[in-house]
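Novice: Sharing a structure below in structure tokens format, with a few things to ask.
The values are calculated or read from the model by the stated rules, or taken from the named source; none is laboratory data. Remember, predicted model here, so these are calculated numbers, not experimental data. Cβ: placed from backbone, ideal geometry, glycine included. Neighbour counts: every protein chain shown. The area values use the complete protein model at the heavy-atom level, side chains included, leaving out ligands, DNA and RNA. Shrake-Rupley method; radii C 1.70, N 1.55, O 1.52, S 1.80 Å.
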Amino acid sequence: EVQFVESGGGLVQPGGSLNLSCVVSGFTFSYYDMTWVRQAPGKGLEWVSVINSVTGSTFYADSVKGRFAISTDNAKNTLYLQMNNLKTEDSAVYYCATPHQAPLGPWLADIASMSYQDAAKRSGYWGHGTQVTVSS
């Protein structure tokens with residue numbers, strides 16, 4: 001059974017940092033695109049970042065570019081998201097997910113603005129999320 005388990009969320013002040021982890025079991029992600037997606041209260045899903053575990057290529061949403069860094073430890077089957085200079089608008093539940101065999105672009109477009117519950121049923125593999133709250 002495939003399981004994604006996120007951790008590292010919590011309460012942090014604006015300007016602070018957090019490092020999120022996603023430990024994957026039952027699935028070797030070294031062949032696939034791995035992503036972080038978030039959902040803020042009252043909003044739909046928003047793509048944050050993606051990394052191709054084979055090439056190491058990374059991409060970021062404009063809203064987090066220059067502040068967040070995605071990485072993997074393939075030997076540990078773990079995905080990370082280092083978040084720096086956090087802003088209040090970064091408050092959300094953060095999910096690790098993969099389109100698995102689906103093409104990345106269309107998959108991201110498909111899940112945009114969906115609820116987590118709907119997106120997780122549709123395609124790919126998803127964790128249950130970790131809460132990040134940025135507040136003074």
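Novice: Kindly state, as a whole number, the per residue volume in cubic angstrom of the convex hull around the alpha carbon atoms of the range 95-134.
Specialist: 80 Å³
Novice: So what does Ser17 come to for accessible area, using a 1.4 Å probe and Å² rounded to 10?
Specialist: 60 Å²
Novice: What accessible area per residue, rounded to a whole number of Å², is obtained for the chain using a probe radius of 1.4 Å?
Specialist: Computed with neighbouring chains in place, this is 49 Å² per residue.
Novice: Pop the C-beta distance of Met114 and Ser135 into the FRET formula with R0 = 22 Å and round what comes out to the nearest 0.05.
Specialist: With R0 = 22 Å, the Cβ-Cβ based efficiency is 0.25.
Novice: While we're here: Residue separation times 0.36 nm, minus the C-alpha to C-alpha distance between Ser30 and Asp73: what's the value?
Specialist: Working it through step by step, the gained length comes to 14.6 nm.
Novice: Still on this structure: Excluding same-chain pairs closer than 8 in sequence, count the lysine pairs in the chain whose Cα atoms lie under 22 Å apart.
Specialist: 4
Novice: Right, something else. If His100, His128 are ordered by their accessible area, calculated over protein heavy atoms with a 1.4 Å probe, which sequence runs from highest to lowest?
Specialist: Per-residue accessible area, sorted high to low, gives His128, His100.
Novice: How much of the accessible area of the chain, in percent, comes from carbon and sulfur atoms when a 1.4 Å probe is used?
Specialist: Here it works out to 49 percent.
Novice: Quick one: net charge of Val64's neighbours, Cβ under 12 Å, K/R +1, D/E -1?
Specialist: Overall, the nearby charge balance is 0.
Novice: If you take every DSSP beta bridge fully contained in the chain, what fraction is antiparallel? Give it as a percent rounded to 5.
Specialist: Within the chain, antiparallel bridges account for around 90 percent of the total.
Novice: Here's a follow-up. Under a plain spin-label model, where a point goes 7 Å from the Cα along Cα-to-Cβ, how far apart in nm are Gln82 and Val2?
Specialist: Simple spin-label model gives 2.8 nm for this pair.
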